[in-house]
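Report on one structure; see the data block that follows.
The values are calculated or read from the model by the stated rules, or taken from the named source; none is laboratory data. The structure displayed is predicted, hence computed values, not measured ones. Methodologically, a virtual Cβ is constructed for each residue, glycine included, from the backbone with ideal geometry; neighbour enumeration extends over all protein chains shown. Heads up: the accessible areas ignore ligands, DNA and RNA and are worked out on the full protein's heavy atoms, side chains in. Shrake-Rupley method; radii C 1.70, N 1.55, O 1.52, S 1.80 Å.
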Amino acid sequence: MNKSRREFLAGSAWMGVAAVAAGCIGERMSLGFGTGAPMHGFRAEPMKRIRVGVIGIGARGTSAVKRLVQIPGVELTAVCDINPKRLDLVRAWLKEKGYPTVREFGKSEDDWKGLAEWDGVDVVYSCAPRAIHAPINVHSMAAGKHVMQEVPGVFDIDECWQTVEAAEKY
């Protein structure tokens, strides 16, 4: 069976429409009408100053810190890592470049929760190991924070739905 790409895509689209019409979507796939509210039309109030906390100060986190401090209107207020040497390096770099000191978290493996709950951040930027991106994002949203990351934030469909439901709820 040799189908063209166009025929394959058309067939796939029709199968999706048929599955929705037949009620074959799961309980969690409520098309935005589950436990939360649909996100279409979502709008956050503009912020003149955005206070960011970075969780995970490895290679990606260090690069994120160096980018964030250069953006007008962005203020780096906190960093978190369980490796004290990484915190030392970021602290030294910020001081060398003349940037303000930031609050440091990282005394335990769950100290990222303190950063997410701290009133001194508006946005949590997760640069931690991928395995904890979804828990960080869900916890941060529950704490009233916006979340950012530059790599995939989930490992499986359950983490996808946890993230979607947190975004819709909070």
Mind checking whether some residue in region 129-139 is outside any helix (DSSP H, G or I) and not hydroxyl-bearing (Ser, Thr, Tyr)?
-> yes
Among the residues of region 102-111, is there at least one that is in contact with a Gly (Cβ under 9 Å, 6 or more places away or on another chain), touching a residue at least 60 places away in the same chain (Cβ under 8 Å) and not aliphatic (A, V, I, L, M)?
-> no
Find the residue count for region 140-170, including only residues that are open to solvent by 50 Å² or more (accessible area, probe 1.4 Å), assigned to a loop (DSSP other than H, G, I, E, B) and either among the small types (Gly, Ala, Ser) or closer than 23 Å to THR62 by Cα (or both).
-> 4
Keeping to region 90-118, report how many residues are open to solvent by 20 Å² or more (accessible area, probe 1.4 Å) and closer than 21 Å to ILE71 by Cα.
-> 13
Would you be able to say whether some residue in region 60-75 is surrounded by fewer than 21 Cβ atoms within 10 Å (Cβ to Cβ), among the small types (Gly, Ala, Ser) and touching a strand residue (DSSP E or B) at 6+ places or on another chain (Cβ under 9 Å)?
-> yes
Which of the residues belonging to region 119-139 are open to solvent by 50 Å² or more (accessible area, probe 1.4 Å) and charged (D, E, K, R)?
-> ASP119, ARG130
Quick one: is LYS95 part of a loop (DSSP other than H, G, I, E, B) and basic (Lys, Arg)?
-> no
